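Reading through the structure tokens given below for one structure.
The values are calculated or read from the model by the stated rules, or taken from the named source; none is laboratory data. This is a predicted model, so every value here is computed, not measured. Every residue, glycine as well, gets a Cβ built from its backbone with ideal geometry; the counts of neighbours run over all protein chains shown. For the accessible areas, the whole protein counts, side chains as well, though only heavy atoms, and no ligand, DNA or RNA atoms are used. Shrake-Rupley method; radii C 1.70, N 1.55, O 1.52, S 1.80 Å.
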Amino acid sequence: MKKMNPTLEIITPTFGSSFSFSRYVENANCKSDLWHYHPEIELVFVNGGSGKRQIGSHISYYSDGDLVLIGSNLPHCGFTNEETGNKNETVIQMRPDFLGNDFLEIPELKNIQHLLHKAKGGIAFGSETKKIIACKIEEMENQSTFDRLLSMISILNTLETNNEYTILNADGFSLELQVQDNDRINVVFNYVKDHFQEPIQLDTVSSMVSMTTPSFCRYFKKITNKTFTTFVNDYRLVHASKLLSENTKSITEICYESGFNNFSHFNKTFKAFTGKSASQYRQELKSFME
């Protein structure tokens, strides 16, 4: 049985800068199987491609690239791997006080202060915002450290003043918890990630974290604002969305490959999750890609 605790990632600012700026070609930053966290706030721009995002207790599928802002110490997996098909990936990481302890308090930066507060739950931005920010991020690569800092402030302000975003853990998921809680929840997340295609028994997961099943169910709901069953189903449905988008397998095959053992139940839950039937979802995505 595979057991993984979250990895604390140590981040060093780019030389001569107050934050870290990294550009990766295609899938060179392959961390999709690494569940990790760090005190730095992280802005990730995936240029093209499609894949899975898991941030806190939120799981979803992105297509045509991604732009997300992840709050301090909010655990997440990487966003790219050998199957994503992205052109490149830019990761910008900054301490919450990278502008100084009091700098965010000035009136001109209130927008940024609000944005960083919302980022505690993780934020995904829409397609139009992605286009605007993509241009700004592309320009940063060859800028001086001073101009790059000005661009970073401008980007954060732009992100706060647009309305095209989704807070991924809107009900307040946060791992500002005791170390024991952090370890427990991450053992569970990693077990689901590795075994979602198989039947998952509640008592098996409960015993992994040394809890009774009723206690574990209450604990998981309190921490994530989701029942454990909902969390597992969400993971399976996102995987099904990915398969529907990326290959030509039949919907029945995708149902079972995603961990569902009942086709009727899969159809019902997929429609409740996406607002569309699996066949409609695939057809609409095909039309969009064409």
> In the range 101-125, which residues are farther than 17 Å from residue 157 by Cβ and assigned to a loop (DSSP other than H, G, I, E, B)?
Replying inline: 101, 102, 122
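Quick grid of which residues meet (1) touching a residue at least 40 places away in the same chain (Cβ under 8 Å); (2) touching a strand residue (DSSP E or B) at 6+ places or on another chain (Cβ under 8 Å); (3) buried (at least 23 other Cβ atoms within 10 Å of the Cβ):
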site	(1), (2), (3)
45	yes, yes, yes
49	no, no, no
73	yes, yes, no
101	no, no, no
111	yes, no, no
>> As an exercise: evaluate residue 107 against (1) open to solvent by 20 Å² or more (accessible area, probe 1.4 Å); (2) under 19 Å from residue 50 (Cα atoms) and give the number of the one condition it does not meet.
In response: (2)
>> When the residues of the range 75-99 are narrowed to those that are acidic (Asp, Glu) and out of contact with any Cys (no Cβ under 8 Å at 6 or more places or on another chain), which ends up most open to solvent (accessible area, probe 1.4 Å)?
In response: 83
> Just checking, how many residues over the range 218-259 are of a type outside the set (Val, Ile, Thr) and more than 18 Å from residue 186 (Cβ to Cβ)?
Replying inline: 21
> How about the range 207-235: which of its residues are open to solvent by less than 30 Å² (accessible area, probe 1.4 Å), under 19 Å from residue 260 (Cα atoms) and β-branched (Val, Ile, Thr)?
Replying inline: 232
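Whether any residue in the range 139-152 is touching a Leu at 6+ places or on another chain (Cβ under 9 Å), surrounded by 12 or more Cβ atoms within 10 Å (Cβ to Cβ), without any contact (Cβ under 8 Å) to a residue 40 or more places away in the chain and not in a helix (DSSP H, G or I) is what I want to check.
yes
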>> So the check is Cβ under 6 Å with 6+ separation or different chains; which pairs have a first residue in the range 189-213 that's in contact (Cβ under 8 Å) with a residue 24 or more places away in the chain and a second one that's open to solvent by 10 Å² or more (accessible area, probe 1.4 Å) and part of a loop (DSSP other than H, G, I, E, B)?
In response: 190/4; 194/2; 196/259; 197/259
>> For the range 117-133, which positions are open to solvent by less than 20 Å² (accessible area, probe 1.4 Å) and among the aliphatic types (A, V, I, L, M)?
In response: 119, 123, 124, 133
> What are the residues in the range 236-250 that are surrounded by fewer than 19 Cβ atoms within 10 Å (Cβ to Cβ) and of a type in the set (Ser, Thr, Tyr), if any?
Replying inline: 245, 248, 250
>> Filter the range 126-136 down to the residues that are over 18 Å from residue 42 (Cβ atoms), part of a helix (DSSP H, G or I) and under 17 Å from the mean Cα position of the chain (by Cα) and list them by number.
In response: 127
> Hey, residue 87 hits all of (1) out of contact with any Pro (no Cβ under 7 Å at 6 or more places or on another chain); (2) modelled with pLDDT under 85 but one; which does it fall short on?
Replying inline: (2)
> Which residue pairs have Cβ atoms closer than 6 Å, lie 6 or more positions apart in sequence or on different chains, and pair a first residue in the range 156-170 that is among the charged types (D, E, K, R) with a second residue that is open to solvent by 30 Å² or more (accessible area, probe 1.4 Å) and in a helix (DSSP H, G or I)?
Replying inline: 160/111; 160/114; 164/128
> In this structure, is residue 57 out of contact with any Cys (no Cβ under 8 Å at 6 or more places or on another chain), within 17 Å of residue 120 (Cα to Cα) and modelled with pLDDT under 85?
Replying inline: yes
> So which helices (runs of 4 or more DSSP H) stay within the range 180-249 end to end and still have 3 or more residues that are under 18 Å from the mean Cα position of the chain (by Cα)?
Replying inline: 228-246
> What tally of residues in the range 250-283 results from selecting those that are of a type in the set (S, T, N, Q), over 21 Å from the mean Cα position of the chain (by Cα) and part of a helix (DSSP H, G or I)?
Replying inline: 7
>> Out of 241, 264, I need the residue that is of a type in the set (Gly, Ala, Ser) and farther than 20 Å from residue 57 by Cα. Which one?
In response: 264
